[in-house]
Amino acid sequence: MRKSIEYLVEEGPDKGKLFILTRMSAFCADKWARHLVKALAEVGENISPSEINLGIGALAGFRPSLIAHLKEEDADHIYEDLLKCCQIKRDICNPLVEPTKILEADIQDPMTLSKLRNKVFELHVDFLKAAASQIFPLVAAITQGKDILSAEKK
């Protein structure tokens, strides 16, 4: 069973709405993470030096501002995939009511979308680190404190 969390909106026009956020399957999350890391790498020249110096390990502390550097098509794809992990529980008082797909009419506040994406992202940080390790093994080794030069000499 995949990990799920509940997110209750506590303020704004969507106050009181309950969302169920479920982690992607391992295969989907791995593919999603590789696409994100690759898209970030492709626009690397547009990312500030302070963002580049964060290293792969710092992706766990992901900032949504990094997605702003992506091509619009890539950013839309990343955001859409995150929102596919979200469902709404329309009657939070009735435990028999199953969560369902979010409809456009369910969300009034754009900040709710942003918060949902951020919460879902947190569920997938491990997959992002794994994808980064596949794409950037040298950087991943360095950020994990491994001495790869010594290992190569053996």
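The values are calculated or read from the model by the stated rules, or taken from the named source; none is laboratory data. Source: prediction; values computed, not measured. Neighbour counts are summed over all protein chains in view; Cβ atoms, including those assigned to glycine, are modelled from backbone coordinates with ideal geometry.
Quick grid of which residues meet (1) farther than 29 Å from GLY44 by Cβ; (2) out of contact with any Asp or Glu (no Cβ under 6 Å at 6 or more places or on another chain); (3) surrounded by fewer than 16 Cβ atoms within 10 Å (Cβ to Cβ):
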| position | (1), (2), (3) |
| --- | --- |
| GLU72 | no, yes, yes |
| GLN87 | yes, yes, no |
| ASP91 | yes, yes, yes |
| ASN94 | yes, yes, yes |
| VAL97 | yes, no, yes |
| THR100 | yes, yes, yes |
| LEU103 | yes, yes, yes |
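Considering only helices (runs of 4 or more DSSP H) fully contained in region 49-154, which possess at least 3 residues that are under 26 Å from ALA26 (Cα atoms) and modelled with pLDDT of 60 or more? Working first, answer last.
Numbers: elements: 49-52, 72-83, 110-123, 125-135, 137-143, 148-153.
Per the criteria, 72-83, 110-123, 125-135.
Could you check region 10-25 and list, in sequence order, the residues that are modelled with pLDDT of 95 or more, of a type in the set (A, V, I, L, M) and surrounded by 19 or more Cβ atoms within 10 Å (Cβ to Cβ)?
As a first pass, look at region 10-25 and keep what is modelled with pLDDT of 95 or more: 10-22.
Then keep just the ones that are of a type in the set (A, V, I, L, M); that gives 18, 20-21.
LEU21 - this is the single residue of region 10-25 that is modelled with pLDDT of 95 or more, of a type in the set (A, V, I, L, M) and surrounded by 19 or more Cβ atoms within 10 Å (Cβ to Cβ).
Filter region 26-39 for residues that are hydrophobic (A, V, I, L, M, F, W, C) and at pLDDT 80 or above; which is farthest from LEU103 (Cα to Cα)?
Of region 26-39, the ones hydrophobic (A, V, I, L, M, F, W, C) are 26-29, 32-33, 36-37, 39.
If we keep only those that are at pLDDT 80 or above as well, we get 26-29, 32, 36, 39.
Numbers: ALA26: 26, PHE27: 26, CYS28: 22, ALA29: 23, TRP32: 23, LEU36: 25, ALA39: 28 Å.
Here the answer is ALA39.
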